[in-house]
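The values are calculated or read from the model by the stated rules, or taken from the named source; none is laboratory data. What you see is a predicted model; the values in this text were computed from it and never measured. Heads up, the Cβs are rebuilt from the backbone with ideal geometry, glycines too, and the neighbour counts pull from every protein chain shown.
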């Protein structure tokens, strides 16, 4: 099954658009690696018959809808660019490896919170 999904927060703001052929695995990825995942209160799914149709729909949706947490395809970075669009408090662009290190620290701190959010959304523990 080819799926494009959209994550929304409580106010209805579009947080992220993604694509997958394994929905449960991708949701676990977001739970474990996306610090913004705890803000998700609604998920919308669109199913496609082909991989190509799914990819085209995702690219088009990101370009037109500008989700907050999409980076590639959202005008924030181009494929192959090695800097994230995030900036530090002194307005310096953060290198890729430093941004990932910071995200990993946040992920480890907030894991339990995200695990509980996942359990509330899907009715099961993501570790099982």
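Numbers at a glance
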{"item": "Condition met for residue 104 (at pLDDT 60 or above, out of contact with any strand residue (DSSP E or B) (no Cβ under 6 Å at 6 or more places or on another chain), closer than 19 Å to residue 118 by Cα and not in a loop (DSSP other than H, G, I, E, B))", "result": "no"}
{"item": "The stretch 36-63, residues that are more than 16 Å from the chain's Cα centre (by Cα) and at pLDDT below 90", "result": "none"}
{"item": "Condition broken by residue 61, with the remaining ones in (1) under 16 Å from residue 114 (Cβ atoms); (2) surrounded by 14 or more Cβ atoms within 10 Å (Cβ to Cβ) satisfied", "result": "(1)"}
